[in-house]
Structures are given as C-alpha cells and as structure tokens.
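Participant: Questions regarding the structure given below will be posed in turn.
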Amino acid sequence: MMQKLEFTLSAGPVEVTARTLAGLATPIQYHYDDEFQATFRRCEAKVAEVMRTTKDVLIMQGEAILALEAGLRALITPGMHVLNLVQGVFGKGTGYWISGFGAHLHEIEVGYDDAVTPDMVEEYLDAHPEIEMLCLVASETPSGTVTDVASIGPMCRDRGILTYIDSVSGVLGMATLVDEWGLDYVVTGPQKCLGGAPGLSLVSVSARAWERISANPGAPRDSYLSILDIKEKWLGEGRFPYTPSVADINGLEAALDQALEEGVDQVIARHAAAQELTIAGAEAMGLAFWARRREIMSACVTSIRLPDDLDNAVVRDHARHKYGVMLSHGQGAGNLIRLSHMGPTAGGFHSVVGLAALGRTLLDLGLPLDVGGGVARALDVLSSQR
Ligand SMILES: *Cc1c(COP(=O)(O)O)cnc(C)c1O
C-alpha cells in the first residue's frame, strides 16, 4: 500500500508556499488588461533584481528548457566554435544541442561527481583562440555539483567570449551576479530555488548577445522559440507575441515577492545553512557523498552515493511508498539519491525530515547506518544556527 504523501523534498519542482498557491489561483485576466500588463512588467523587474542585472529580462512561457533551447538556436551560427563544459547530464545535453544546431563543438568533460575548474578553462581558451562562446551549467542539479561561474564568467568577458549559462538551480541557491560577472545569456526557472511552479523560463540577455542574435539570419523568428519576437513585439511594441500563461505569471510574482521580502542574500544564506546541516547529519549517519569535494557541492541539493548493488530508484520508491516522503534520485547522473534543500524546503526541519527518511529507508534496505546519530547531529547544527 502506498503511504499518503507527507513531504515533497524533491530537487525541483519543489513544494510551494500557500502564498504562491494563492498567487496561482488569482482570477484569470485578459492579457491585454492594463493590470495584467503591469503585473508582467513588475515580474520582469523583480526577476532582474533576483538575477542582479539591469540587462533585458525575458519571461518565456514554457519550462526553462524552452529558453535554454531558444538561446542556443538564436546565438549559434554555422561552424561557430563553442566550448561546452560537461560535468553532468544537463551539460552533456547542451553539447548535443550545440552540435545539432550546426556549431563546432569543443568540450571539457569530467566525471559527473567532479567539476571543471577555471584553470582547465583558461588553458583550453589559451590553446583555442577560435572559441566564440562558452556554455556551462552553474549547478548540475541531478548530481548536486556546481561550476565556478564567478571565475569563469569574468574570464570569458575579458576575452570577448559570450557566455551561455544554465542557472536553473543556481539563481537564489548561490550567488549569481549577472552584471558583475559579465554573463551574456542566463536562464533560470521558478520551480527550483525561487520556490515557484514549473512552467516558465526566466532569462537575462546582454546587449552583446542581442547584437549577435540580431545579426544571425538563422535565429528563429515568427516561432515559439524566438527570443527576437519577444524583443521586437513585447519589449519593442508592448504587444505579446502570443498569450502568456496568466496564472503562472501571478504565481511567479508571489514567489518573487517572498524572495525579495526575505532578501536575495538571505535566501542564498538559507540554502547554505540547510546544506551545512544536511552535510553534517549525513556524515554523522555514515552516508557517503556523491561529489568528490566539499567545495563543488551545490547548496541546493546534497547527493548521497549509494552502494552499487542498491538501485537509487528502489531507495526513492521505498521512502515514498513506505514513509510518504518524496526524495529525488539521480535522473541518470549516477547511482545516487538527493537530499534536496531548495526553495521553501531549504531551512529548518525540512532537512532533518529528509535525513531521517533517507536514513531509515537505507536501514530498512540493509545498510548499517547510525540514523539517530545523524539526526542528532543535524539538530545540533540547526540549534547552533538559531
Ligand atoms: C531543472 C533544470 C532544468 C530544466 O529541466 P527539466 O528537465 O525540464 O527539469 C535545466 N537545467 C538544470 C540545471 C535544471 O536543474
């Protein structure tokens, strides 16, 4: 028999607050109602605040994959040399797009429990002056590792190389200074650290990226994938290219308001505090970490390495079916389970519940763990944080 769902501690989409749900339930307005248009403009400004940018912000009506694909299609010209950093499943997927859209693909690839370092990037760029754009994933959610965007971003800016950043689980989970780091095309989504519902793409686009896109005859136009349509019609003429997802926009504004009232730095700090507690508890319990080093672990999700003979889907299903706690598995990144601390579930007792649910599940499945010791350690950290 399946337990009723009690806690969703997944690595996106995350549980949302009652206020965000109330936003989603706002009566539907005509999209040319001045009130709705004002809401849309406010959302763009609030996204810009969260992303620390004064550049153009686009809100696209589709899950973040939409803006990730749309950006590459707009930026890539045939034969263009693009360097892609691969340390997980999203980075790997980006590479298939890059070559599929006609670019010359260069890759630096490491194991999915590791991270590409700024030194590796610098060395590659020195040896390959033909590189025009660099693509990276700020936070590889399926494996819980991060890339050093703070170093790699400015390095590319200084060399005149465009940057395309998948920061879907990076923004609000870690510092993301779009303007200060000179990032050109950055994508995030509401359903990760912001704690909103899935269904929208939030993007910042630099003037340099727009120049490139406008000059690209292959950039999509008159298409759902066209960011030029949005620039020309909505940003230019105040006319939507198609009907936006009205309910999702109202939900987005509620989530943005909560983040901005708490403060961008405070939201980031809350993720770091949840990570600290989770790591301490997991260590005391006797769990093994997926990532090779502490510094490359993502603040929004802690990945736990499982023994080879214990399948991650079995662990996830056991926690869900027996205990009513939804955890995430590795989505193909490796044999791991994720203790997520993302959005509204970053903080307080959420991670204690996650540790207890995973610990007891693994004990049930035969692993010798000190579940009580791990929970006690997590509570000590929580107590010291309060
Ligand atoms: C969630 C996420 C996306 C969006 O992809 P989905 O497969 O639709 O969830 C893209 N990139 C990263 C790094 C993500 O975490």
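Participant: Report whether or not Gly79 is more than 28 Å from Phe349 (Cα to Cα) and more than 16 Å from the ligand (Cβ to nearest atom).
Facilitator: yes
Participant: Sticking with this one: Just give me the residues in segment 8-23 being away from the ligand (no atom under 16 Å from the Cβ) and surrounded by fewer than 19 Cβ atoms within 10 Å (Cβ to Cβ), in sequence order.
Facilitator: Within segment 8-23, Thr17, Ala18, Arg19, Leu21, Ala22 qualify.
Participant: Next question, about the same structure. If I filter segment 258-301 down to residues being basic (Lys, Arg) and part of a helix (DSSP H, G or I), which single residue comes out as surrounded by the fewest Cβ atoms within 10 Å (Cβ to Cβ)?
Facilitator: Arg294
Participant: Moving on. Go over the candidates Glu140, Glu211, Glu180 one by one and state the one that is at negative phi, of a type in the set (D, E, K, R) and within 16 Å of the ligand (Cβ to nearest atom).
Facilitator: It is Glu140.
Participant: Residue under question is Asn250, and the condition is that it be more than 16 Å from the ligand (Cβ to nearest atom), in a loop (DSSP other than H, G, I, E, B), polar (S, T, N, Q) and touching a residue at least 60 places away in the same chain (Cβ under 8 Å); does it hold?
Facilitator: Judged against the criteria, Asn250 is not a match.
Participant: Limited to segment 183-208, what total is found for residues that are assigned to a loop (DSSP other than H, G, I, E, B), touching a strand residue (DSSP E or B) at 6+ places or on another chain (Cβ under 8 Å) and more than 12 Å from the ligand (Cβ to nearest atom)?
Facilitator: Summing the residues that are assigned to a loop (DSSP other than H, G, I, E, B), touching a strand residue (DSSP E or B) at 6+ places or on another chain (Cβ under 8 Å) and more than 12 Å from the ligand (Cβ to nearest atom) in segment 183-208 gives 3.
Participant: Right, Val146: under 17 Å from Ala70 (Cβ atoms) and within 16 Å of the ligand (Cβ to nearest atom) or not?
Facilitator: no
Participant: Checking Val171 against (1) buried (at least 24 other Cβ atoms within 10 Å of the Cβ); (2) more than 29 Å from Asp113 (Cα to Cα); (3) not polar (S, T, N, Q), only one condition comes out false. Which one?
Facilitator: All conditions are met except number (2).
Participant: Still on this structure, please answer the following. Which residues, taken from segment 198-220, are without any contact (Cβ under 8 Å) to a residue 24 or more places away in the chain and either in contact with a Pro (Cβ under 8 Å, 6 or more places away or on another chain) or among the acidic types (Asp, Glu) (or both)?
Facilitator: Glu211
Participant: Given the structure, is Ser151 closer than 22 Å to Thr176 by Cβ, free of Cβ contacts under 8 Å to residues at least 40 places away in the same chain and among the hydroxyl-bearing types (Ser, Thr, Tyr)?
Facilitator: Answer is yes for this residue.
Yes/no matrix, rows are residues, columns are (1) farther than 23 Å from Met297 by Cβ; (2) within 16 Å of the ligand (Cβ to nearest atom):
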site: Gly95; (1), (2): yes, yes
site: Tyr112; (1), (2): no, yes
site: Met120; (1), (2): no, no
site: Ala127; (1), (2): yes, no
site: Met133; (1), (2): yes, no
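Bear in mind these aren't lab numbers, they're just calculated from the coordinates by the rules spelled out. The shown structure was predicted, so the numbers you read here are calculated from the model rather than taken from an experiment. FYI the Cβ positions are ideal-geometry reconstructions off the backbone, even for glycines, and counts take in every protein chain you see.
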